[in-house]
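In what follows, a single structure is set out as structure tokens and then discussed.
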Amino acid sequence: MKILLLEDNQTLNETIKLKLEIKGYSVSSYINGEEAFNNIMNGFSCFVLDINTPIVDGIKILRKIREFYENVPVIIISSIDELDTIKKSYKFGCNDYLKKPFYIDELEIKIEKLCKITKKKIFFDEDSFFDFDKNIISVSKIKKTLTKKENLLMNLFLINKNELITYETIQNYVWEGEYASFDAIRGVIKRLKNKLTKPYIKAHFSRGYSFISAIGKIK
């Protein structure tokens, strides 16, 4: 899982990055708010943002993230304990708030809770599910293994089931910020459709796709 970390204290930044990488996360860390702002579209699954950062503050970055990613978790870390600032963070879509000083273990717990799917299966039909642990889909008891991009695409669909997902969002999440042509996106969509066998994926002309599911329970 890719995490964007914004923390302007160099020592704390390096400490958090090291601890999270030891846990197996891929971390892109920034000290400068402008650099973080310019990289939020690079396929991150979780954001950890300080509020008071040089040039661009964490609140502005949070608002920009929510323009593109409605459901990607955002954790705010800050030494500020003013109620208005905390309220503003939640108003603009942060999922949790951690006041400095804190133990790194506290941040790890919040990331585990908010940003990582700990359950193995999510059902999108009565007899069909996606197994996050084994990287497979099972449709009517027929199991098929997904490639890395198919896996990321399935994750994106199930996080945003029944909602329009634009080509840009698919490119940023599935290609992790790298460029992808429409043909490349359509190719992965087609392969996933073939593996699903049922018409869960709906195309929206020139806009993107949605994944139609009546249920989304995790077991």
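The values are calculated or read from the model by the stated rules, or taken from the named source; none is laboratory data. Computed from a predicted model, the values in this text were never measured in an experiment. Note that each Cβ is placed from the backbone with ideal geometry, even for glycine, and that neighbours are counted across all protein chains shown.
General remarks:
- For the range 146-175, the set of residues classified as among the hydrophobic types (A, V, I, L, M, F, W, C) and not in a helix (DSSP H, G or I) consists of L146, L164, I165, W175, listed by residue number.
- Whichever residue in the range 31-43 is part of a loop (DSSP other than H, G, I, E, B) and at pLDDT 85 or above and, among such residues, is surrounded by the most Cβ atoms within 10 Å (Cβ to Cβ): I40
- Just one of the numbered conditions (1) assigned to a helix (DSSP H, G or I); (2) over 14 Å from the mean Cα position of the chain (by Cα); (3) charged (D, E, K, R) is not true of K113: (2).
- Checked against (1) modelled with pLDDT under 85; (2) closer than 30 Å to D81 by Cβ, L156 meets all criteria but (2).
- Every condition in (1) crowded, with 16+ Cβ neighbours inside 10 Å; (2) assigned to a helix (DSSP H, G or I) is met by Y209 except one, and the failing one is (2).
- Picking from residues in the range 139-167 that are more than 16 Å from the chain's Cα centre (by Cα) and of a type in the set (V, I, T), the one that is nearest to S213 (Cα to Cα) is V139.
- Condition met for K134 (without any contact (Cβ under 8 Å) to a residue 60 or more places away in the chain, within 26 Å of V27 (Cβ to Cβ) and loosely packed, with under 12 Cβ neighbours inside 10 Å): no
- Some residue of the range 124-147 being outside the structural domain of V48 (by TED's automatic domain parsing), in contact with a Leu (Cβ under 9 Å, 6 or more places away or on another chain), at pLDDT 90 or above and among the basic types (K, R): yes
- Test: residue in the range 199-210 that is under 17 Å from Y69 (Cβ atoms), at pLDDT 90 or above and of a type in the set (S, T, Y): yes
- Taking the range 13-25 as the range and being touching a residue at least 24 places away in the same chain (Cβ under 8 Å) and either at positive phi or surrounded by 18 or more Cβ atoms within 10 Å (Cβ to Cβ) (or both) as the test, the residues that pass are I16, L20, Y25.
- Residues in the range 52-94 that are at pLDDT below 85 and among the aliphatic types (A, V, I, L, M) were compared, and the one that is nearest to T166 (Cα to Cα) is I86.
- Test: residue in the range 65-72 that is among the charged types (D, E, K, R) and either in contact with a strand residue (DSSP E or B) (Cβ under 6 Å, 6 or more places away or on another chain) or closer than 19 Å to I16 by Cα (or both): no
- Of the residues making up the range 1-56, those that are β-branched (V, I, T) and touching a Cys at 6+ places or on another chain (Cβ under 8 Å) number 1.
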